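Below is one structure, written out as structure tokens; comments come after it.
The values are calculated or read from the model by the stated rules, or taken from the named source; none is laboratory data. None of these values were measured; they are calculated from a predicted model. Here the Cβ is made from the backbone with ideal geometry for all residues, glycine too, and neighbour counts use every protein chain on show. With ligands, DNA and RNA removed, areas are computed over all heavy atoms of the protein, side chains included. Shrake-Rupley method; radii C 1.70, N 1.55, O 1.52, S 1.80 Å.
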Amino acid sequence: GVIGQILLLSKLCRSLIWPALLIGFGLWTNVLWVLLNGGEVNSATALAGGLFLLLGLLLFVPYLNLRVEHMILLYRRARDNPK
């Protein structure tokens, strides 16, 4: 039902947060390493790193909203169908 779909979307968002943050952190670590060693920074790498970090942070919003909605629906179902 709807509760299962919301939970699935929540888990999907949650499963993408850490990989996005780790990829972004890895790319930015590379950018900083190149800068510290006096090399030229690849702007595509810096942009991609920033976008992955932003994506990871922005995925928290739907994840938290979906998780709260899921819990509200569960509580309503428990309230309306006591055993």
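Can you tell me how many residues within the range 23-68 are under 30 Å from Ile3 (Cα atoms) and assigned to a helix (DSSP H, G or I)?
The number of residues fulfilling the criteria is 16.
Being within 13 Å of the chain's Cα centre (by Cα) and of a type outside the set (A, V, I, L, M) is the filter here, so list the residues in the range 47-66 that pass it.
Phe52, Gly56, Phe60, Pro62, Tyr63, Asn65
For the range 69-83, give me each residue that is open to solvent by 100 Å² or more (accessible area, probe 1.4 Å), charged (D, E, K, R) and part of a helix (DSSP H, G or I).
Result: Arg76, Arg77, Arg79.
Could you please give the count of residues in the range 1-53 that are hydroxyl-bearing (Ser, Thr, Tyr) and touching a Leu at 6+ places or on another chain (Cβ under 7 Å)?
Residues in the range 1-53 being hydroxyl-bearing (Ser, Thr, Tyr) and touching a Leu at 6+ places or on another chain (Cβ under 7 Å): 2 in total.
I need every pair where a residue in the range 16-29 that is closer than 16 Å to Leu58 by Cβ has its Cβ under 6 Å from the Cβ of a residue that is among the hydrophobic types (A, V, I, L, M, F, W, C) and surrounded by fewer than 17 Cβ atoms within 10 Å (Cβ to Cβ), sequence separation at least 6 or different chains.
Between residues of the range 16-29 that are closer than 16 Å to Leu58 by Cβ and residues that are among the hydrophobic types (A, V, I, L, M, F, W, C) and surrounded by fewer than 17 Cβ atoms within 10 Å (Cβ to Cβ), the close pairs are Ala20/Leu55.
In this structure, is Ile6 in a helix (DSSP H, G or I) and in contact with an Asp or Glu (Cβ under 8 Å, 6 or more places away or on another chain)?
It is true that Ile6 is in a helix (DSSP H, G or I) and in contact with an Asp or Glu (Cβ under 8 Å, 6 or more places away or on another chain).
Considering the range 67-83 alone, what residues qualify as being touching a residue at least 60 places away in the same chain (Cβ under 8 Å) and more than 23 Å from the chain's Cα centre (by Cα)?
Residues satisfying the conditions are Leu74, Arg77.
Could you check the range 1-47 and list, in sequence order, the residues that are open to solvent by 30 Å² or more (accessible area, probe 1.4 Å) and of a type in the set (Gly, Ala, Ser)?
Of everything in the range 1-47, those that are open to solvent by 30 Å² or more (accessible area, probe 1.4 Å) and of a type in the set (Gly, Ala, Ser) turn out to be Gly1, Gly4, Ser15, Gly26, Gly38, Gly39, Ser43, Ala44.
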